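Please read the structure below before turning to the comments.
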Amino acid sequence: MSGKKSRTGLSNVQNVRLGGLIAILSGREPYDFILGGLISEGFVNRSGGALNITEKGMREKDRLVTLAGLMVEKEHLPKGIARYPANQ
């Protein structure tokens, strides 16, 4: 054993970011400390009191769910990533 741990899944920062994006997609407002980060990073903007996920935010959501091992609709995958049916 080398003693080195291998990490799988999302980091804590990525997990919080994905949770915030999912909250907004579900029509909920995330905690202020999460929302502030999403806005400052350009993933979300507020327009007329409504929260909107930017194109950058949608790409980040797709990237994070892919890293988490979840399936994403083909038309939402980043360029250069192919999706194949699980039974092939």
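Taken together, the values in this text are just the output of simple stated rules run on the coordinates, not laboratory data. Predicted model only: the values in this text are computed from it and were never measured.
Remarks
- Using C-alpha pairs under 8 Å with a sequence gap of at least 6, the mean separation divided by the residue count of segment 12-71 gives a relative contact order of 28 percent.
- For VAL44, the residues whose amide H sits under 5 Å from its own are ILE39, THR54, ignoring neighbours fewer than 5 places away on the same chain, with H placed 1.01 Å from N.
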